[in-house]
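Asker: For reference, the structure I am asking about is given below.
All of the numbers you see were taken from the coordinates with simple rules; none came from a lab. Keep in mind the model is a prediction, meaning the values are calculated, not measured. Note: ideal-geometry Cβ built from the backbone for every residue, glycine included; neighbour counts use all protein chains shown.
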Amino acid sequence: MSDATTHRVPQRAQQMLFGDVLPDLDMQTGYRGPAVCRALGITYRQLDYWDRTGLVVPDIRVASGSGTQRLYSFRDVLLLKVVKRLLDTGVSLQQIRVAAEQLKTFGVDDLTGVTMMSDGASVYLCTSNDEVIDLINGGQGVFGIALGKVWREVEGSLSKLPTEHLEANHTVDELALRRAAKA
């Protein structure tokens with residue numbers, strides 16, 4: 001995703017995942033990289049790598065050169081949390097990429113019904129209790145991640161962090177402005 005104006009999931013639509021009311025965020029409000037890192041317990045280097053390799057690219061504003069700030073939507077942060085959980089349990093990055101691509105195809109409303117199961121090697125997306133039971137009975141499921149629980153954790157972490165509104169002509173951050181002033 002090289003263009004910041006590509007298809008986006010409206011922030012207001014995201015509150016429908018659990019029927020809970022999120023803060024009234026418009027489609028251009030999100031979280032900067034450092035805030036996302038604090039909320040998820042990851043390094044900025046990890047976040048940068050996952051963006052550059054296309055694992056999770058920010059929906060609201062992509063980095064477009066030195067001094068620009070990425071801006072992540074709530075949905076992006078949710079996906080990043082799932083990625084981190086899978087990595088922490090030993091799932092390979094290759095399998096995580098497959099799972100992340102599959103999750104991106106789900107509509108916002110559908111994510112609440114998804115449970116990710118893994119046997120440590122493969123990741124399975126289950127959309128019903130029967131699928132989870134079948135997977136466990138087949139000996140394939142070792143652990144599961146209910147996206148509903150992850151949603152609530154991310155929501156709680158982000159509620160304490162500042163949001164940023166995307167401004168039409170905001171392309172550089174404060175550090176880039178200082179560098180430009182020195183030159």
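Asker: Please list, in order along segment 85-101, the HN-Hα scalar couplings obtained from phi with the Karplus expression 6.51 cos²θ - 1.76 cosθ + 1.60 (θ = phi - 60°), rounded to whole Hz, x for Gly and Pro.
Answerer: 4, 5, 4, 4, 8, x, 6, 5, 4, 4, 5, 5, 4, 5, 5, 5, 4
Asker: Here is a further query. Can you pull the one-decimal nm distance between simple spin-label points at PHE143 and ASP48, each 7 Å off the Cα toward Cβ?
Answerer: Result for the modelled spin labels: 2.8 nm.
Asker: Between THR89 and LYS160, 0.36 nm times their residue separation minus their Cα-Cα distance comes to what?
Answerer: 22.9 nm
Asker: Determine which lysines satisfy two conditions relative to LYS149: a Cα distance under 24 Å, and not lying fewer than 8 residues away in the same chain.
Answerer: Output for LYS149: LYS81, LYS84, LYS104, LYS160.
Asker: Taking 0.36 nm per intervening residue step and subtracting the Cα-Cα distance, what contour gain separates LYS104 from ALA181 on full extension?
Answerer: Stretched fully, the LYS104-ALA181 segment lengthens by 23.6 nm.
Asker: Per q in 0.09, 0.13, 0.22 1/Å, what log10 I(q)/I(0) does a Debye calculation on the alpha-carbon atoms of segment 27-151 return?
Answerer: Debye intensities relative to I(0), on a log10 scale: -0.26, -0.53, -1.32.
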